[in-house]
Amino acid sequence: MSKVAAQFLFDFGSPNAYMCHRVLRDIEWRTDTRIEYVPILLGGLFKLTNNRSPAEAFAGIPNKRAYDALEVERFLAKHKLSNFRKNEFFPVNTLLIMRGAVASEKLGCFDAYVEAVFSCMWEQSLNMADPAVVHSALTTAGLDAEAILKATQDADVKERLGFNTQSGFARGAFGSPTFFVGDEIFFGKDRLREVEEEILRQKADGRPLPAPPTPQHIAS
């Protein structure tokens, strides 16, 4: 696949991140480009940016909420995402499962973990803030729940999730889903077409890969 630097900053608590996840493989296939999944903690990013969830920010604007719901239905229909269900426990504290995402990278089962947790959140409507539910769900998915949950307490796992979140903030992110193609930022599922176009544009330009962010870059 082409070495264009494309990243997807996600938190499992975002239904829009789930919807993007379900269509990103098609974009990868069309562009011959691997999109890197980067786990972040949305609650931490909200604190850094003084942002709020749309449900909270637009609670007093009925027309906006109605339009957002219509947009979701259109997106689901366009991409044939018939398995989507609203999570009855929403909003969910995602700290455990986002640390789990980093832990699964460390343990070499990231792709399977991401698929399982997105499904549990937005297709099975499970309470993924409950450690017992998480353990059962991961086990059902054929993952080593014990090892993953144990690794969520490792200092390097906690530090990596914090670093990913801080790094996204430093680059301009304020919510999930956020995409970076090189240094270009895109927010939301309604920007997927622009993400795909930018990947193709950078491939055509032969643009070199930017240096990955480091703690030193963030500190400065």
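Values quoted throughout were computed directly from the atomic coordinates according to the rules given, and no laboratory measurement underlies them. Everything numeric here is computed off the predicted structure, so don't read it as measured data. Ideal geometry is used to build each Cβ from the backbone, glycine not excepted, and the neighbour counts take in all protein chains shown.
Below, the figures for the structure above:
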| item | result |
| --- | --- |
| Whole-number Å³ per residue for the convex hull built on Cα positions in region 133-208 | 159 |
| Region 1-143 - percent relative contact order, Cα under 8 Å, separation 6 or more | 25 |
| When the convex hull of its Cα atoms is projected in every direction, mean area for region 1-122 (nm²) | 8.8 |
| Karplus-derived HN-Hα couplings along region 95-110 (A = 6.51, B = -1.76, C = 1.60, θ = phi - 60°), whole Hz, x at Gly and Pro | 4, 5, 6, 6, 4, x, 4, 5, 4, 5, 4, 4, 8, x, 10, 4 |
| Helix-derived mean residue ellipticity, 222 nm - over the chain, DSSP H n ≥ 4, -39500 (n - 2.57), to 500 | -17000 deg cm²/dmol |
| Centre separation in Å (Cα based) which lies between region 106-124 and region 133-199 | 11 |
| Gained length - Ser53 relative to Arg30, 0.36 nm times residue gap less alpha-carbon distance | 5.1 nm |
| Estimated FRET transfer efficiency (Gln124, Asp205; beta-carbon r; R0 41 Å; 0.05) | 0.45 |
| Beta bridge orientation in the chain: antiparallel %, DSSP, nearest 5 | 55 |
| Region 116-182, relative contact order in percent, only Cα pairs under 8 angstrom and at least six apart counted | 16 |
| Cross-link table Lys3/Lys106; Lys86/Lys158; Lys106/Lys203; Lys86/Lys106; Lys80/Lys189; Lys86/Lys203, entries beyond 26 Å C-alpha to C-alpha | Lys86/Lys158; Lys106/Lys203; Lys86/Lys106; Lys86/Lys203 |
| Mean Cβ neighbour count within 10 Å, used as a protection proxy, ranking 146-156, 168-178, 109-119, 59-69 highest first | 168-178, 109-119, 146-156, 59-69 |
| Percent of C-alpha pairs per 5 Å bin, region 2-219, short to long | 1, 7, 14, 18, 20, 18, 13, 7, 2, 0 |
| Surface/4 of the Cα convex hull for region 59-126, nm² | 5.7 |
| Sequence-distant residues sharing a close amide H with Phe10 (under 5 Å, placed H) | Val38, Ile40 |
| Lys47, Lys106 arranged by Cβ crowding within 10 Å, fewest neighbours leading | Lys47, Lys106 |
